[in-house]
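Read the structure below first, then the notes.
The values are calculated or read from the model by the stated rules, or taken from the named source; none is laboratory data. Please read these numbers as outputs of a predicted model, since none were measured by experiment. When we count neighbours, we look across all protein chains shown, and the Cβ atoms used for this are built from the backbone with ideal geometry, even at glycine. We work out accessible area using only protein heavy atoms, side chains counted, and drop any ligands, DNA or RNA first. Shrake-Rupley method; radii C 1.70, N 1.55, O 1.52, S 1.80 Å.
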Amino acid sequence: MGNKMVGRRFKECREKAEPTQAELAGKVGCTEQYISVIERGINFPAYNRLVRILNILDVSADAVLRDVLDYAAEQRASELSEMVAALSARDKREIFEVVELLVRQAEVREKGSEPSADV
């Protein structure tokens with residue numbers, strides 16, 4: 001299931017919410033070692049613990065599972081949009097140009113033909 005990626009996302013969400021592993025463990029009702037095991041991708045929490053952790057961290061399941069879910073692209077697009085919004089107008093233009101080029105190349109690949117020199 002990509003436990004290492006999911007574990008990394010758990011850690012990112014916890015660090016963003018700012019509790020330590022010990023503080024989160026106290027709120028969840030488990031040990032600090034258990035939180036560490038989840039964050040290292042060694043184990044995945046049972047449903048009840050998963051929901052409790054997500055609620056404590058105030059994040060959606062998409063935030064943690066986006067690397068292993070196909071439909072989570074909307075969550076990632078929203079996060080990237082927020083990141084781009086904080087940039088200068090020049091940086092935004094450069095990023096949009098690159099993204100437009102990548103989208104055109106993807107469209108060409110999906111049609112099954114080779115991109116032309118002007119793409």
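Show me the helices (runs of 4 or more DSSP H) found entirely inside region 1-74 where at least 3 residues are not hydrophobic (A, V, I, L, M, F, W, C). Even if it seems obvious, please write down each step before you answer.
Values: elements: 3-17, 21-28, 32-39, 47-57, 61-65.
Here the list reads 3-17, 21-28, 32-39, 47-57.
Search region 45-55 for residues being of a type in the set (A, V, I, L, M) and surrounded by fewer than 16 Cβ atoms within 10 Å (Cβ to Cβ), and hand back the single one that is modelled with the highest pLDDT. It would help to see each step written out before you state the result.
Just the residues of region 45-55 that are of a type in the set (A, V, I, L, M), to begin with: 46, 50-51, 53-54.
Narrowing the set further to residues that are surrounded by fewer than 16 Cβ atoms within 10 Å (Cβ to Cβ) leaves 46, 51.
Details: ALA46: 91, VAL51: 94.
Result: VAL51.
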>> Any residue in region 8-25 that is modelled with pLDDT of 95 or more sitting within a Cβ distance under 7 Å of a residue that is open to solvent by 40 Å² or more (accessible area, probe 1.4 Å) and not in a helix (DSSP H, G or I)? List the pairs, counting only those 6 or more apart or interchain.
In response: ALA25/THR31
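Kindly establish whether SER88 is of a type in the set (Gly, Ala, Ser), modelled with pLDDT of 90 or more and open to solvent by 50 Å² or more (accessible area, probe 1.4 Å). Walk me through it before giving the result.
Details: of a type in the set (Gly, Ala, Ser): yes; modelled with pLDDT of 90 or more: yes; open to solvent by 50 Å² or more (accessible area, probe 1.4 Å): yes.
Here the answer is yes, as SER88 does meet what is asked.
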> From the list CYS13, CYS30, which residue is within 15 Å of the chain's Cα centre (by Cα) and not β-branched (Val, Ile, Thr)?
Replying inline: CYS13
>> Any residue that is of a type outside the set (A, V, I, L, M), within 24 Å of SER36 (Cβ to Cβ) and open to solvent by 70 Å² or more (accessible area, probe 1.4 Å) - is there at least one of those in region 56-67?
In response: yes
